[in-house]
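Enquirer: Take a look at the following structure, please.
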Amino acid sequence: MAENTGQNYGAEQIQVLEGLSAVRRRPGMYIGSTDVNGLHHLVWEIVDNAIDEAMAGYCTDIEVTIQKDGGLSVRDNGRGIPVDTHEKTGKSALETVLTVLHAGGKFGGGGYKVSGGLHGVGVSVVNALSEKTIAHVFRDGKIYRQEYHRGDAGDELEVIGDTKLRGTKITFYPDDQIFDTLEFSFETILNRMRQQAYLTKGVNISVHDERDDNKYKFYFEGGIKSYVQHLNRSKDSIGNVVYIEKDTEDGFIEIALQYTNSYQETIYTFANNIHTVDGGTHLTGFKSALTRTINAYARNNDLLKEKDNNLVAEDVREGLTGIVSVKIADPQFEGQTKAKLGNAEIRTAVESVMSEALMLYMDEHPNDAKGIFGKCHLAARARLAARAARDTVIRKGALEGMTLPGKLADCSSRDASISELYIVEGDSAGGSAKQGRDRNTQAILPLRGKILNVEQARLDRIINNNEIKSLIIALGTGVGETFDPSKLRYHKIIIMTDADVDGSHIRTLLLTLFYRYFKELIEGGYLYIAQPPLFKITKGKKSDYAYTDEDKVKIMSSYGPDDKVGIQRYKGLGEMNPEQLWETTMNPENRTMLKVTIEDAERADKVFDTLMGAEVLPRRKFIQAYAKKVKNLDV
Ligand code: 28G
């Protein structure tokens, strides 16, 4: 930070003067939230500093320990935070770093700092939000120790012994006055540490959970090259991992990529070790270099003839796994979630480094190059064939002239503006819905639960699936070139699926289908998601339905603290009888439904690609990890 010599205090200085009480007053401003994510933010803050020390070349080992007593400690074998006393403040550098807001500053020369975007609020913030923090510094043959409480230095820095070691150890106990939960998640920490280990090659990172004595160690000699190998472990790879590393004027650029025979595209990008989920300039540079180079290689080697069209971007990304990691002096993180890199110079830097290196690789590895081109060319042919097939299906009017499907229990009204179509998962729930509905305005179309498993990877094939065909016929609008929204037979289309993994799976498929083929219906506000209850809570003769966990808690407390409250958890719609289904979910008088937005559907569309990957194992993992998110389309 610039030295402040004048009397005019800038905003930053005022903040520093205000001290850490500001952090305790508004923790969300510094760590995002005070829930479990905010809690882990503290860990990332400390670990990032250790990673910075490793990136600067001074540290090879980082140990994270979740202690039994509620504390968490991080230890590195770097230089140790300096302990010498600052003339003006009379405080040690260590105490300054821990007790003064934003005193971390930039590392002088050489190294890149992890911090700057999402994190980088400084250790002092961790200290402010911890009941107790203990710093140990191993430096110049001595062990130094100082303890802090809720941001204040408790006592003086003391020397507590001699040592041959070097480094820093920070132990903190998050404050229960601040956080909703104090429970660290081993899995969350482990995943993060694995990722950091990939991104910082050659560093040893160990994670120890003393609560149940669980221990992991990560060390990846190959860095992001190992990361790509890990991501492709269950896939059928094409050629070796292409690894590119270059220190440029604009920053350090590292890229690893490998093609596989799958349809999935997996590209992760990082800036200063921060996962840029929304991509940014480094990703743009990577993508344009990829398309340009593969086309140029194909032209140079006569793999694409003069009459052939160039491959398009999506052709060269099918089956690709890639990591782009840049380390730059002044990263600009943009967008609402600050997860998109904005530095313009990085786009051209990545593009030129990547183009040159990939071309060289392909020239030097003609077999790999042939495999890569073959895969991309196949993707292009599949794209053209799929389009042709879709056009023929639609042109032939395969859906026209077909009568309404037998399993549709139509409503008697022919007035679309008051008619509703319930798309229901499974025959048993479909049965309840048919019996419970208002026959005049509500139509029921049961879909068999297994529709997803019959097809893989391509929606243009799914559209030929009989279940989906029935749906399209029931809608009445046609599809593709013949799509006519004015023919829509129901102005409310309501997806009603179980609150479990299969249910969210089917909902994702349906949302994707609407997003890709019936976007106008979403834009017109015709698509909804039904909200069945999760619990029935009964006491004596009185019963209530809870639609969320919070509802449940509220209802239970309204029943008073005493005994004999029955809770039934609905695992599926099929568990409700027709009256219950009507009463809780379908009766227009009191039901709640979510109107699907384009953003919801777009998100589902992205998730869909992952769900539909050819590999069963990663797909199952994904579903387990994201089932909840897919479910919560209203967030
Ligand atoms: C264990 C948990 C997290 C760290 C260092 C090392 C230095 C340092 C950290 O300096 C103050 C400001 C600029 C020099 C730097 C040591 C230079 C020389 C360091 C960590 C002083 C911060 N010797 N290791 N901070 N700088 N590890 N691990 O926090 O001028 S923080």
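The values are calculated or read from the model by the stated rules, or taken from the named source; none is laboratory data. Please read all numbers here as calculations on a predicted model, not as lab measurements. Here the Cβ is made from the backbone with ideal geometry for all residues, glycine too, and neighbour counts use every protein chain on show. Areas reflect the complete protein model, heavy atoms only, side chains present, ligands, DNA and RNA absent. Shrake-Rupley method; radii C 1.70, N 1.55, O 1.52, S 1.80 Å.
Enquirer: In straight Cα distance, which aspartates and glutamates are under 17 Å from LYS91, not counting same-chain residues fewer than 8 positions off?
Expert: Correct list for LYS91: GLU3, GLU147, ASP152, ASP155, GLU156, GLU158.
Enquirer: Can you run phi through the Karplus equation (6.51, -1.76, 1.60; θ = phi - 60°) for segment 47-64 and list ³J(HN,Hα) in whole Hz, with x for Gly and Pro?
Expert: Residue by residue, segment 47-64 yields 4, 3, 5, 5, 5, 4, 5, 6, 5, 6, x, 10, 9, 10, 9, 10, 10, 10 Hz.
Enquirer: I would also like to ask the following. Which order, highest average first, do 377-386, 64-73 follow once you tally other Cβ atoms within 10 Å for each residue and take the mean per peptide?
Expert: With the highest mean Cβ count within 10 Å placed first, the list reads 64-73, 377-386.
Enquirer: Now a separate question. With all protein chains present and a 1.4 Å probe, how do TYR219, TYR198 order by accessible area, largest first?
Expert: Putting TYR219, TYR198 in descending order of accessible area: TYR219, TYR198.
Enquirer: Can I ask one more? Total Lys pairs in segment 147-218 closer than 21 Å by alpha-carbon, pairs eight or more apart in sequence or interchain only?
Expert: Eligible lysine pairs with Cα atoms under 21 Å apart amount to 4.
Enquirer: In square angstrom, what is the accessible area per residue of segment 240-386 with a 1.4 angstrom probe?
Expert: Computed with neighbouring chains in place, this is 44 Å² per residue.
Enquirer: Could you pull out the pairs from LYS235/LYS571; LYS519/LYS595; LYS68/LYS338 whose alpha carbons sit more than 24 Å apart here?
Expert: As for pairs spanning more than 24 Å Cα to Cα, those are LYS235/LYS571; LYS68/LYS338.
Enquirer: Given charges of +1 on the Cβ of Lys and Arg and -1 on the Cβ of Asp and Glu, with all other atoms neutral, how large is the dipole of segment 157-256 about its Cα centre, in debye to the nearest 20?
Expert: The dipole of segment 157-256 has a size of about 580 debye.
Enquirer: With the Cα gyration tensor of segment 217-352 giving a ≥ b ≥ c as the square roots of its eigenvalues, does the rule (a/c under 1.5 for rounded; else a/b larger than b/c for prolate; else oblate) give rounded, prolate or oblate?
Expert: Cα axes put segment 217-352 in the oblate bin.
Enquirer: I would also like to ask the following. Once you keep just the Cα pairs under 8 angstrom separated by 6 or more residues, what percentage relative contact order results for segment 166-252?
Expert: Normalised by residue count, the contact order of segment 166-252 is 18 percent.
Enquirer: Which far-off residues, 5 or more places away or on another chain, put their amide H under 5 Å from the one on GLY80, with H placed in the peptide plane?
Expert: GLY167, THR168
Enquirer: If packing is taken as the average number of other Cβ atoms within 10 Å across a peptide's residues, how do 407-419, 151-163, 432-444 rank, most packed first?
Expert: 432-444, 407-419, 151-163
Enquirer: Further question on the same structure: Can you sort ARG24, ARG292 by solvent-accessible area, 1.4 Å probe, largest first?
Expert: ARG292, ARG24
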